[in-house]
Every structure is written in structure tokens, then in C-alpha cells.
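To keep things clear, I will list the structure first and then write my remarks on it.
Every number here is computed from the coordinates shown, using simple stated rules; none is lab data. On a predicted model such as this, the values are computed, not experimentally measured, just so you know. In this analysis, Cβ positions are derived from the backbone assuming ideal geometry, glycine residues included, and neighbour counts consider all displayed protein chains.
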Amino acid sequence: LRASDVTAKPISWIWEGWLPLGKLTVFAGAAGSGKTTIAMDLIRAVTTGGKLPDNKQCKVQGECLIYSTEDDIADTLTPRLQATGADLTKVHFIDGVIEDGEKRHFEATEDIPRLFKAIQGRNIKLIVIDPILSAVSGDMNKATDVRTSLKTLVDFAENIGCAVIGITHFAKGTKGQDPTERILGSQAFTALARMNWVTAPAQEPDQPNVFAKAKTNIAKADGGFN
């Protein structure tokens with residue numbers, strides 16, 4: 001494929017400079033530092049056209065998908081969405097797969113084609129996966145396993161034109177290292193993601209947590225929020 005035969009195009013954003021459409025954003029941080037809260041608030045912005053963290057209006061509106069293997073749908077995630085003011089009619093949970101009359105867990109690498117069929121006719125703009133490790137088949141510390149699994153997810157996002165936020169944790173015993181090197185699992189997580197966010201807990205009781213970019217190759221790698 002010659003470069004002269006390729007039509008250049010701009011990157012599309014849900015949140016300019018922060019959340020790109022059709023690409024993977026990896027969101028890492030310590031437990032309790034606000035990762036899920038921020039993700040739920042971004043769902044609010046997308047489903048209602050409300051304000052983003054920088055107070056600008058969200059111009060990309062649509063439906064959202066959540067796949068969480070850690071938080072309960074009924075007593076944790078839905079109440080959090082209600083608290084943010086999200087439009088619950090536009091939020092869908094991936095709750096499993098019905099196969100031969102039996103329900104089983106959703107396997108990202110295997111079930112993406114099923115998911116693609118299930119969302120036909122819907123205007124999905126954001127998928128939140130918590131933790132992103134649940135989308136990996138194989139060893140999370142092996143680059144080849146991580147790349148193979150996440151490539152399926154990234155291709156899916158690109159095909160339907162939605163953003164993907166994959167939430168993860170910092171590895172234990174990595175305090176003081178570069179934030180991207182602290183992310184749990186293979187370095188392929190940060191390498192395949194076009195945007196990497198991090199959160200850090202407040203250092204003093206009366207101070208807010210920190211939310212910032214750690215690495216990106218499609219926008220300025222600066223800016224953050226308290």
C-alpha cells in the first residue's frame with residue numbers, strides 16, 4: 001500500500017486531546033484513586049451531552065457499554081451511574097453470553113463477533129472495560145498474548161468508531177518508577193494504547209487526587225486535574 005494511495009484523516013475525539021474514538025485508552029492507578037468514578041462521569045457526559053472534566057461540552061453523544069468483572073452491576077455500578085446523572089437508557093452492561101441455552105462469562109477474544117452483532121443499530125461511542133486484564137486470553141505478562149487479545153478489541157473499536165477505556169492497577173512495589181512502567185502486566189498494554197492516563201491518591205488528607213496523562217503519541221502529553 002503506497003502512502004500516495006492513502007487518504008490522510010484527522011483523529012476523532014470524544015474529549016479533545018484526551019479520549020480518542022476508535023482507539024484504546026489505558027487508565028491505571030492505585031486502588032481508590034478515582035479511576036472508576038472518572039470513567040462513570042465520562043459515561044454521563046457521553047450519554048447526556050454534558051460537560052467533560054475540563055468544563056467543555058461533550059459534542060459526541062451516544063450509548064455506552066460497560067464490561068466489569070470486579071464491581072457488581074446492581075449495587076455498585078448502577079448507583080454510581082445514577083449519582084453522576086448518566087442517562088441509564090443509553091448504558092448497557094456486558095453481562096455474559098448465552099450459548100446452547102447456558103450462560104457463561106464473556107471472553108473478549110472469542111466473543112467480539114457476537115458483541116458486534118448484538119450492537120447493530122446502536123450508536124455505541126464508549127466502552128469501559130474494568131479491568132482491561134479481563135479482555136486478555138493467556139498470560140498478561142507475555143507481550144504476544146496481550147497484543148493478540150487487545151488487537152481484537154482495538155480492531156472492534158475502530159470498526160464501530162467508539163472509544164475504549166481499559167482500567168487497570170499499578171503493580172506492587174513500583175512506587176517511584178515512571179507511571180507507564182508501573183502498569184500491571186506486559187508493557188504491551190501501554191504500547192498498544194494510543195493514550196495512557198493515570199491517577200494518584202492525595203498525599204495529604206485535605207488534598208484532592210490527581211488525574212493526568214502519562215503517555216500518548218496522538219496529542220500533547222500534558223495537562224491534568226486535581
Cα pair distances exceeding 24 angstrom across the range 17-169, given as percent: 30 percent
Within the range 39-59, backbone nitrogen closer than 19 Å to the virtual label 7 Å beyond the Cα of THR89 toward Cβ: 43-50
Local net charge near GLY49, Cβ-Cβ under 14 Å (Lys/Arg +1, Asp/Glu -1): +3
Residues whose placed amide H lies under 5 Å from that of GLY22, excluding near-sequence neighbours: CYS162, ALA163, VAL164
Beta bridge orientation in the chain: antiparallel %, DSSP, nearest 5: 40 percent
Length gained when the stretch ARG2-ASN226 is fully extended (0.36 nm per residue, less Cα-Cα span): 76.1 nm
Phi-based couplings in Hz for the range 93-100 (Karplus 6.51, -1.76, 1.60; Gly and Pro marked x): 9, 7, 9, x, 10, 8, 9, 6
Cα→Cβ-extended label distance, 7 Å offset, between ILE218 and LYS59, nm: 1.6 nm
For THR168, residues with placed amide H under 5 Å, excluding near neighbours: PHE27, ALA28, GLY29, ILE132
